[in-house]
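The values are calculated or read from the model by the stated rules, or taken from the named source; none is laboratory data. All values reported here derive from a predicted model rather than from experimental measurement. Using ideal geometry, Cβ is built from the backbone for each residue, glycine included, and neighbour counts are taken over all protein chains shown.
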Amino acid sequence: MRLLLALTLTALFSGAASAQDFERPDDWKTRFDQPSATEDQLETYVAMPPGWHVTSGPAGIYWHPDSTASGTYRVEMEVYLFDPGERREAFGIFVGGRELEGPGQAYTYFLIRNGREFIVKERVGAEAPTIQTWTSREAILAYSDRGEDASVQNVLAVEVGEQNVRFLVNGERVWEGPKEGLSLDGIYGFRVNHGLNLHISRLETMPIG
């Protein structure tokens with residue numbers, strides 16, 4: 001898969017392919033923070049095997065209605081960040097999605113941003129209370145860590161256990177707390193804030209012991 005991804009991205013960014021060569025993901029949904037925002041404001045939103053490529057306009061969430069997890073589980077996302085310039089916009093996973101197309105939307109989300117920081121928040125209707133404020137962790141790779149590559153890879157995971165929920169980046173636990181009161185059963189997907197260029201190569205759920 002890594003070889004296929006490398007070939008796809010090399011073709012795209014060398015000009016041998018373009019976003020117009022790919023199509024919007026079938027049956028996927030989007031919801032933007034601003035009610036007036038539309039998909040027309042996205043520069044790129046396509047299925048690009050393996051995964052999806054998003055060059056965002058407005059901040060929002062992306063999901064497939066069949067992507068659900070409940071009880072005890074792990075959701076893992078492999079994501080590549082391309083040149084963010086001076087922006088420090090955030091991206092990551094959401095879980096526990098409910099009523100995502102209505103006024104009662106709810107989910108818990110775990111984001112990172114360039115600069116080695118993460119945040120954990122909830123969405124409850126129009127409100128977005130913070131569970132863990134922006135916090136620095138060395139496990140989070142910055143764009144400057146990419147070496148000679150065009151992008152930097154991070155792997156984010158949310159593990160929901162019997163009592164606690166854990167958030168991990170590149171295999172290192174960055175935060176853990178009680179699951180009580182959090183929205184954790186429901187749809188999972190990814191969140192992308194303003195003006196980011198990302199390739200999400202993998203988003204999957206798996207059982208935990």
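Values for this structure:
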| quantity | calculated |
| --- | --- |
| Count - residues of segment 169-196 that are of a type in the set (S, T, N, Q) and within 12 Å of the chain's Cα centre (by Cα) | 1 |
| In segment 160-182, residue nearest to residue 63 (Cα to Cα) [restricted to those that are in contact (Cβ under 8 Å) with a residue 60 or more places away in the chain and surrounded by fewer than 22 Cβ atoms within 10 Å (Cβ to Cβ)] | 182 |
| Some residue of segment 56-67 being surrounded by 18 or more Cβ atoms within 10 Å (Cβ to Cβ), outside any loop (DSSP other than H, G, I, E, B), under 13 Å from the mean Cα position of the chain (by Cα) and of a type in the set (Gly, Ala, Ser) | yes |
| In segment 99-138, residue surrounded by the most Cβ atoms within 10 Å (Cβ to Cβ) [restricted to those that are assigned to a loop (DSSP other than H, G, I, E, B), of a type outside the set (D, E, K, R) and in contact (Cβ under 8 Å) with a residue 40 or more places away in the chain] | 100 |
| Qualifying positions in segment 26-40 - surrounded by 15 or more Cβ atoms within 10 Å (Cβ to Cβ) and closer than 15 Å to residue 56 by Cα | 29, 30, 31, 32, 33, 37 |
| Test: residue in segment 142-159 that is in contact (Cβ under 8 Å) with a residue 12 or more places away in the chain and more than 17 Å from residue 79 (Cα to Cα) | yes |
| Where a residue in segment 70-95 is over 16 Å from residue 52 (Cα atoms) and assigned to a strand (DSSP E or B) and its partner, wherever it lies, is polar (S, T, N, Q) and at pLDDT 95 or above, with Cβ under 6 Å and at least six apart | 73/205; 75/205; 90/193; 95/108 |
| Any chance residue 78 is over 11 Å from the mean Cα position of the chain (by Cα) and not aromatic (Phe, Trp, Tyr) | no |
| Scope segment 44-66; condition free of Cβ contacts under 8 Å to residues at least 24 places away in the same chain and in contact with a Ser or Thr (Cβ under 7 Å, 6 or more places away or on another chain); matching residues | none |
| Test: residue in segment 183-197 that is surrounded by fewer than 16 Cβ atoms within 10 Å (Cβ to Cβ) and of a type in the set (Phe, Trp, Tyr) | no |
| Condition met for residue 82 (of a type in the set (Phe, Trp, Tyr), touching a Lys or Arg at 6+ places or on another chain (Cβ under 8 Å) and buried (at least 17 other Cβ atoms within 10 Å of the Cβ)) | no |
